[in-house]
1. Hey, residue 355 hits all of (1) closer than 17 Å to residue 289 by Cβ; (2) under 23 Å from the mean Cα position of the chain (by Cα) but one; which does it fall short on?
2. Does residue 306 satisfy the criteria of being in the same structural domain as residue 268 (by TED's automatic domain parsing), closer than 22 Å to residue 264 by Cα, at pLDDT 80 or above and assigned to a loop (DSSP other than H, G, I, E, B)?
3. Kindly provide the set of residues from segment 316-331 that are closer than 19 Å to residue 277 by Cβ and assigned to a loop (DSSP other than H, G, I, E, B), ordered by number.
4. I'd like to verify a number: residues in segment 53-79 that are surrounded by 13 or more Cβ atoms within 10 Å (Cβ to Cβ), free of Cβ contacts under 8 Å to residues at least 60 places away in the same chain and within 25 Å of residue 110 (Cα to Cα), how many?
5. Only one of 158, 112, 166, 191 is surrounded by fewer than 14 Cβ atoms within 10 Å (Cβ to Cβ) and under 25 Å from residue 62 (Cβ atoms). Can you tell me which?
6. May I ask you to say which residue of 292, 274 is surrounded by fewer than 17 Cβ atoms within 10 Å (Cβ to Cβ), in a loop (DSSP other than H, G, I, E, B) and in contact with a helix residue (DSSP H, G or I) (Cβ under 8 Å, 6 or more places away or on another chain)?
7. Consider residue 142 carefully, then state whether it is touching a helix residue (DSSP H, G or I) at 6+ places or on another chain (Cβ under 8 Å), crowded, with 19+ Cβ neighbours inside 10 Å and either closer than 22 Å to residue 161 by Cα or in the same structural domain as residue 208 (by TED's automatic domain parsing) (or both).
8. Filter segment 340-363 for residues that are surrounded by fewer than 22 Cβ atoms within 10 Å (Cβ to Cβ) and in a loop (DSSP other than H, G, I, E, B) and give the result.
């Protein structure tokens, strides 16, 4: 029995085109059949989960949409990473015309842009392939809000590794006076010393002081890229007195939990041994035994098709609402404070606290 929640299910989409962005990054444009058009509508900054059978293994990865909703395209960018099973499969084997299993758009790295908004200034810190969701946000903000300004600080190794180099230049030409772009290159020297090197804490501090002047007046900050860069940008903004609510962060991977948090989760797992819980999915509630690891894997071990992608507490694909009882949750990057307050958890990171916990994937 299906509840009709098609957004939790994968759909086979045809790869319409593969565009080489750099030597190691390709954009995939998908054809969306008319009967799935509404399902695949998205908000700026969201991502898709792609699934493929690679060497007999079910491999899933999240990739951010790099286009704006109004552009009527569904396109993500995939950058090769060393040892990356999915990214190298895309680069080596995927071709136009192939079919890929795709989960409809999701993610909370978004913003409510409004055509009636007063003049607002947005700022983004991006590193490497972290430009992908930010490109979607930039295109949307500048198009939807005619009075908006957007400033981008973008870090890479050298000019040849800059994803969307031409696209960003086109945006500068199209939105003169409204879009500012600053490149930071670690392996290529330019005339301005500030722009030589990575977006580390020292550079982020200098950027905020010298180029933004009044960071508290910025409407919102968007941060996406390697972990150290994101941590540096966030810490610099906090030190400058920026309200945490204005800082939006999209993480590709979760960091290692602290020793104290890891010990706390292990204790919770041991205490949950032998307990059972109720899992609601696709309109049906089923009693599930806890498998000693987490709620998601317990549900899947019981034969339920509970949705997942990263299993690292980042993507929120496995989000469910706790309707009864309590759980202990580890990483929570994929959830907003509002979602947590409403009772949502990431089931890949959650352990039931006692018998009779109820979680609902349909909420």
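The values are calculated or read from the model by the stated rules, or taken from the named source; none is laboratory data. The model shown is predicted, which means the values in this text are computed figures rather than measured ones. Ideal geometry is used to build each Cβ from the backbone, glycine not excepted, and the neighbour counts take in all protein chains shown.
1. Exception for residue 355: condition (2).
2. Values: in the same structural domain as residue 268 (by TED's automatic domain parsing): yes; closer than 22 Å to residue 264 by Cα: no; at pLDDT 80 or above: yes; assigned to a loop (DSSP other than H, G, I, E, B): yes.
For residue 306, the condition - in the same structural domain as residue 268 (by TED's automatic domain parsing), closer than 22 Å to residue 264 by Cα, at pLDDT 80 or above and assigned to a loop (DSSP other than H, G, I, E, B) - is not met.
3. If the condition is that a residue be closer than 19 Å to residue 277 by Cβ and assigned to a loop (DSSP other than H, G, I, E, B), then 318, 325, 326, 330 are the ones that fit.
4. 4
5. Just one listed residue meets the conditions, 112.
6. 292
7. yes
8. Scanning segment 340-363 gives 342, 343, 353, 354, 355, 356, 362, 363.
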